[in-house]
Every structure is written in structure tokens, then in C-alpha cells.
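**Student:** Sharing a structure here in C-alpha cells format.
The values are calculated or read from the model by the stated rules, or taken from the named source; none is laboratory data. Only a predicted model underlies this, so the values are computations on that prediction, with no experimental measurement involved. Every residue, glycine as well, gets a Cβ built from its backbone with ideal geometry; the counts of neighbours run over all protein chains shown.
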Amino acid sequence: MTEKQFTRMVWREGMTFDAQTTTGHHLVIDAVPPNGNDNGPKPIELLLTALAGCTAMDVLAVLQKKREPIEGLEVFVEGARASEHPKIYTDIEIVYRVRGNVSPQAVERAIELSETKYCGVNAMLRHSARITARYEIEPASGGAPNSSDDGNGHIAEPERVSDQLP
């Protein structure tokens with residue numbers, strides 16, 4: 001049996017819309033100037049956000065189920081879009097930054113399960129985009145100092161994917 005979900009969009013002004021999800025959450029969607037007022041993300045940005053959120057939840061759940069000592073997780077997603085309309089994503093890279101004394105094999109397996117079994121966003125996007133993934137493991141809090149940590153628990157952004165794409 002299928003599960004139906006909905007999104008309701010209400011036009012406010014210019015290119016600004018208020019979106020409501022199945023679960024009742026609201027967010028503002030807009031275009032950047034000159035077409036919009038930049039009051040919220042563009043719709044295309046939300047695809048990468050959805051992918052990051054979907055796979056982050058999967059990977060975290062799998063690592064926790066395996067009782068891996070994970071202390072932090074950040075997921076960076078970058079997409080390259082076609083130059084011609086409809087300007088779909090053609091290449092997407094996902095970078096997982098895992099903090100803790102976790103097993104590399106457990107991280108690899110969690111990512112694999114997200115890619116092949118759990119993440120519906122990945123399953124849909126991979127029909128039109130080449131999706132690649134890599135991970136980095138940062139030492140646990142009690143380990144060696146991490147030079148990419150800004151002191152507030154945030155890990156610096158990894159090297160940009162766009163610099164590596166053909």
C-alpha cells in the first residue's frame with residue numbers, strides 16, 4: 001500500500017511562497033533577486049537539503065543500532081547542475097564527517113544501506129544524477145585536537161566538489 005503525503009503552497013508576494021508539509025511544518029520558499037526577495041531557499045536547493053537530511057538520519061540510525069560510539073555527524077552535499085533548462089542535477093557528492101571512535105567498516109555499511117535500501121531521496125535522484133559519497137572520521141572528543149573544528153562543535157566544510165568535477 002502506498003503512503004500519500006502532500007505539500008501546500010500559498011503565494012504571498014513576488015516569488016515568495018509559504019509551504020506547509022504533511023506534518024504541519026511551514027517554510028518559506030523564494031527566488032533570489034531580481035526575481036524574488038531571497039526570503040527562503042530556492043526549490044532546487046531543497047532537493048540537496050532533502051538528500052542530506054535523509055541520508056544523515058539513515059547513517060545515524062544504523063550507527064546507533066550497531067552501538068557505534070558516534071559523537072557527531074555532519075553531512076555536506078554539493079550538486080552540479082546542467083547548463084541547459086531544466087538544469088537538473090547531473091553530479092552530486094555527499095561527504096559524511098563522523099566524529100567518534102567508530103569503525104570505518106560500520107560507517108561504510110551505514111552509507112551503503114542508506115544508498116541502496118533506506119534513503120528514498122537518493123533512490124529518486126540517482127535516476128538523473130551521478131551520486132558519489134565519501135566519508136571522514138574525526139577523533140572522539142577525548143582524542144587528538146581537530147584543527148577543522150571551530151571550537152563550537154562545527155567541523156569545517158570539506159574541499160568543494162565543484163573543484164573536482166570535470
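**Student:** Give the number of residues within the range 19-34 that are touching a Lys or Arg at 6+ places or on another chain (Cβ under 9 Å) and in a loop (DSSP other than H, G, I, E, B). Show your work before the answer.
**Tutor:** Narrowing the range 19-34 to residues touching a Lys or Arg at 6+ places or on another chain (Cβ under 9 Å): 19-22, 28-32.
So of that shortlist, the ones also in a loop (DSSP other than H, G, I, E, B) come out as 22, 30-32.
The number of residues fulfilling the criteria is 4.
**Student:** Looking at the range 116-159, which of its residues are part of a loop (DSSP other than H, G, I, E, B) and modelled with pLDDT of 60 or more?
**Tutor:** Those that are part of a loop (DSSP other than H, G, I, E, B) and modelled with pLDDT of 60 or more: C119, R126, H127, S128, A129, P139, A140, S141, G142, E157, P158, E159.
**Student:** Moving on to the next point. On the given criteria, is N101 in contact with a strand residue (DSSP E or B) (Cβ under 9 Å, 6 or more places away or on another chain), farther than 24 Å from L46 by Cβ and at pLDDT below 95?
**Tutor:** no
**Student:** Continuing with the same structure: Can you run down the residue pairs with Cβ atoms below 8 Å, 6 or more apart or on separate chains, where the first is in the range 1-21 and farther than 17 Å from V32 by Cβ and free of Cβ contacts under 8 Å to residues at least 12 places away in the same chain and the partner is surrounded by 11 or more Cβ atoms within 10 Å (Cβ to Cβ) and of a type in the set (D, E, K, R)?
**Tutor:** Listed by first residue and then by second, the contacts come to V10/D18; D18/R12.
**Student:** Against the definition (more than 17 Å from E108 (Cα to Cα), touching a residue at least 40 places away in the same chain (Cβ under 8 Å) and part of a strand (DSSP E or B)), how does I92 come out, yes or no?
**Tutor:** Working: more than 17 Å from E108 (Cα to Cα): yes; touching a residue at least 40 places away in the same chain (Cβ under 8 Å): yes; part of a strand (DSSP E or B): yes.
Answer is yes for this residue.
Condition check ((1) in a strand (DSSP E or B); (2) under 21 Å from the mean Cα position of the chain (by Cα); (3) surrounded by 15 or more Cβ atoms within 10 Å (Cβ to Cβ); (4) at positive phi) across all residues:
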{"residue": "E3", "(1), (2), (3), (4)": "no, no, no, no"}
{"residue": "W11", "(1), (2), (3), (4)": "yes, no, no, no"}
{"residue": "F17", "(1), (2), (3), (4)": "yes, no, yes, no"}
{"residue": "G36", "(1), (2), (3), (4)": "no, no, yes, no"}
{"residue": "L46", "(1), (2), (3), (4)": "no, yes, yes, no"}
{"residue": "A52", "(1), (2), (3), (4)": "no, yes, yes, no"}
{"residue": "A56", "(1), (2), (3), (4)": "no, yes, yes, no"}
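**Student:** Applying the selection to the range 58-70, what residues are surrounded by fewer than 17 Cβ atoms within 10 Å (Cβ to Cβ) and either free of Cβ contacts under 8 Å to residues at least 40 places away in the same chain or not basic (K, R) (or both)?
**Tutor:** Kept after step one, since they are surrounded by fewer than 17 Cβ atoms within 10 Å (Cβ to Cβ), are these residues of the range 58-70: 61, 64-67, 69.
Once the filter is applied, which keeps residues that are surrounded by fewer than 17 Cβ atoms within 10 Å (Cβ to Cβ) and either free of Cβ contacts under 8 Å to residues at least 40 places away in the same chain or not basic (K, R) (or both), the range 58-70 yields A61, Q64, K65, R67, P69.
**Student:** Something else about it: When the range 95-115 is examined, which residues are found to be touching a residue at least 12 places away in the same chain (Cβ under 8 Å), surrounded by fewer than 20 Cβ atoms within 10 Å (Cβ to Cβ) and outside any strand (DSSP E or B)?
**Tutor:** N101, S103, P104, A106, E108, R109, L113, E115
**Student:** Let me ask something additional. Residues that are in the same structural domain as P139 (by TED's automatic domain parsing), over 28 Å from R130 (Cα atoms), in a helix (DSSP H, G or I) and over 19 Å from the mean Cα position of the chain (by Cα): does the range 65-88 have at least one?
**Tutor:** At the first step, the residues of the range 65-88 found to be in the same structural domain as P139 (by TED's automatic domain parsing) are 65-88.
Imposing the further condition that a residue be over 28 Å from R130 (Cα atoms) reduces the set to 65-71.
Remaining after also requiring in a helix (DSSP H, G or I): 65.
Filter once more, so that each one left must be over 19 Å from the mean Cα position of the chain (by Cα): 65.
Checked against the condition, which is being in the same structural domain as P139 (by TED's automatic domain parsing), over 28 Å from R130 (Cα atoms), in a helix (DSSP H, G or I) and over 19 Å from the mean Cα position of the chain (by Cα), the range 65-88 yields at least one hit.
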